[in-house]
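Enquirer: First, the structure itself, so that you have it in front of you.
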Amino acid sequence: MREAPVAGFFLDFDGRPPSTTELTRRIVDRAAALPALTRLLPGKRARHWPVRAAALDPGVHVRHRHVPEGARALHAVCEALLTRELPGGEHPPWDCWLLTRPSPRGGHRVCFRVHHALLDGVGAAHSVLGLLADTPADGPPLYAAGRAGVRAGLLAAREAAAPVLRPGPPWQAMRHSAARGPGARWAYGDVPLARLRALADTHGTSVNDVALAALALALRSWSAEQGLPAAPPAARTLISMSTRRPAERHRPGNHVVFHRLHLPVTAGPLPAAVAEVRRRTDAVRHSRRRDALRALLELPRPLAPGVRALRTVVNPRIYPFAVSSVHFPESFTCFGGRLAGASLFLYLGDDSQRLVYLSFTRTPDTVRCAVVADVPRAHTTALPRHWAEVLG
């Protein structure tokens with residue numbers, strides 16, 4: 001049986017946690033007004049999302065786990081949640097877990113999980129704000145539709161098909177491990193946003209470009225530390241982009257497209273890597289790739305690429321790992337506890353589709369680099385540490 005792809009966030013809050021009763025009341029009441037969180041998944045042959053809203057069961061959608069003291073125990077619970085089955089049947093496939101510890105002065109963690117077909121990362125971020133924030137707060141940017149043109153559409157189609165037609169030699173380091181067994185592995189590293197912002201301003205680029213450049217150099221030091229084959233000079237990476245429009249803020253569905261980015265692993269010091277990443281991401285921006293891919297997905301059947309075609313691209317035989325970025329631009333509180341850090345996660349859960357997944361989640365104070373992998377690729381969870389060292 002294929003496991004459901006689970007997406008969502010681990011969110012760390014300062015201060016004492018709310019009671020389970022008050023958190024449950026808030027989440028269930030607010031979820032009823034969020035369209036994506038009241039829908040069941042459509043059938044295999046369905047062309048539209050079910051219009052009928054499903055009932056929300058507090059005991060199914062809001063859970064509490066009291067975790068023993070210690071970072072290791074909390075970490076183990078989080079890894080177990082990545083593979084735990086989502087609500088199903090007559091219940092919309094999402095839930096929210098409050099994770100508390102004996103000493104609440106150190107804060108608490110909330111885990112929001114959702115079926116990836118129901119919500120992508122940006123959609124999940126807006127739902128998290130709708131469910132938890134004490135007062136309305138801005139979420140990740142939403143992109144109004146723009147005109148891409150026929151040429152941009154053809155270039156986007158060629159870009160998507162190129163790795164499938166000419167896959168090239170795989171980078172075996174991402175799959176090199178004697179470990180076997182079920183389960184997920186997760187790790188993260190934090191760097192102050194001010195550090196990345198200063199580097200971005202110095203080099204005239206974006207915070208996300210700096211994070212990607214640091215990842216390129218982290219791949220080099222990580223593979224050397226692990227004693228693995230050297231990373232290729234340009235590591236082929238799958239980068240996700242949201243196509244959600246402002247009117248689709250809380251709409252169900254996976255509004256994500258991808259483009260490939262060759263990370264300059266051998267670019268030299270960080271400034272050289274930043275300059276090279278900026279050159280490559282500028283080419284994507286100027287080609288209006290987001291609008292072109294959105295237009296391709298919205299073509300009428302049978303012209304639009306189907307799920308099978310997308311799975312062909314999102315494949316570890318072509319790309320060793322995928323990268324997403326989500327930005328919480330505004331600080332918010334939940335029952336008075338201030339958001340201190342967050343990490344977007346995705347666990348695909350199918351042997352043929354298990355990419356190593358890496359995310360950058362930006363809050364007003366912190367950028368958190370997180371990795372989700374299966375057991376055979378658990379060695380990749382050292383990447384966030386190398387990424388933080390590059391920036392440190």
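The values are calculated or read from the model by the stated rules, or taken from the named source; none is laboratory data. Computed from a predicted model, the values in this text were never measured in an experiment. Note: ideal-geometry Cβ built from the backbone for every residue, glycine included; neighbour counts use all protein chains shown. Ligands, DNA and RNA are excluded from the accessible area calculation, which covers all protein heavy atoms including side chains. Shrake-Rupley method; radii C 1.70, N 1.55, O 1.52, S 1.80 Å.
Enquirer: Taking residue 360 as meeting all but one of (1) surrounded by fewer than 22 Cβ atoms within 10 Å (Cβ to Cβ); (2) outside any loop (DSSP other than H, G, I, E, B), write down the number of the exception.
Expert: Result: residue 360 passes all but (1).
Enquirer: Of all residues in the stretch 229-250, how many are surrounded by fewer than 18 Cβ atoms within 10 Å (Cβ to Cβ), aliphatic (A, V, I, L, M) and in contact with a strand residue (DSSP E or B) (Cβ under 9 Å, 6 or more places away or on another chain)?
Expert: Going through the stretch 229-250 one residue at a time, the tally reaches 1.
Enquirer: Also, I was wondering about something else. Restricting the search to the stretch 173-202, which residues are buried (at least 19 other Cβ atoms within 10 Å of the Cβ) and either at pLDDT below 95 or under 20 Å from residue 355 (Cβ atoms) (or both)?
Expert: The answer is 173, 174, 184, 185, 186, 187, 188, 189.
Enquirer: Taking interchain pairs and intrachain pairs at least six residues apart, which have beta carbon atoms under 6 angstrom, with the first residue in the stretch 189-209 and closer than 12 Å to residue 270 by Cα and the second not in a helix (DSSP H, G or I)?
Expert: 196/367; 200/206
Enquirer: If you go through the stretch 110-139, how many residues are touching a residue at least 12 places away in the same chain (Cβ under 8 Å), surrounded by fewer than 22 Cβ atoms within 10 Å (Cβ to Cβ) and either farther than 28 Å from residue 5 by Cα or touching a Ser or Thr at 6+ places or on another chain (Cβ under 8 Å) (or both)?
Expert: The qualifying residues number 4.
Enquirer: May I ask you to list the residues in the stretch 50-76 that are open to solvent by less than 20 Å² (accessible area, probe 1.4 Å) and among the β-branched types (Val, Ile, Thr)?
Expert: The answer is 62, 67.
Enquirer: Looking only at the stretch 256-282, which residues are at pLDDT below 85 and open to solvent by less than 60 Å² (accessible area, probe 1.4 Å)?
Expert: If the condition is that a residue be at pLDDT below 85 and open to solvent by less than 60 Å² (accessible area, probe 1.4 Å), then 257, 259, 260, 267, 268 are the ones that fit.
Enquirer: Here's something else I'd like to know. Assess whether residue 113 counts as being touching a helix residue (DSSP H, G or I) at 6+ places or on another chain (Cβ under 7 Å) and under 19 Å from residue 357 (Cβ atoms).
Expert: yes
Enquirer: Of all residues in the stretch 46-65, count the ones that are modelled with pLDDT of 75 or more and within 13 Å of residue 91 (Cα to Cα).
Expert: Matching residues across the stretch 46-65 total 9.
Enquirer: Just to check your reading of the model, which residue among 107, 149 is at positive phi and modelled with pLDDT under 70?
Expert: Testing whether each residue is at positive phi and modelled with pLDDT under 70 leaves just 149.
Enquirer: Let me confirm something: among 70, 43, 88, which residue is within 27 Å of residue 378 (Cα to Cα) and either touching a Leu at 6+ places or on another chain (Cβ under 6 Å) or at pLDDT below 95 (or both)?
Expert: 70 is the lone residue from the list that is within 27 Å of residue 378 (Cα to Cα) and either touching a Leu at 6+ places or on another chain (Cβ under 6 Å) or at pLDDT below 95 (or both).
Enquirer: For the stretch 345-357, which positions are crowded, with 24+ Cβ neighbours inside 10 Å and either touching a helix residue (DSSP H, G or I) at 6+ places or on another chain (Cβ under 8 Å) or under 22 Å from residue 131 (Cα atoms) (or both)?
Expert: 345, 347
Enquirer: If we scan the stretch 87-109, do we find a residue that is open to solvent by 10 Å² or more (accessible area, probe 1.4 Å), among the acidic types (Asp, Glu) and closer than 16 Å to residue 349 by Cβ?
Expert: No: the stretch 87-109 contains no residue that is open to solvent by 10 Å² or more (accessible area, probe 1.4 Å), among the acidic types (Asp, Glu) and closer than 16 Å to residue 349 by Cβ.
Enquirer: For the stretch 247-280, which residues satisfy the criterion of being in contact with a Leu (Cβ under 8 Å, 6 or more places away or on another chain), touching a residue at least 60 places away in the same chain (Cβ under 8 Å) and closer than 13 Å to residue 217 by Cα?
Expert: 270, 273, 274, 277
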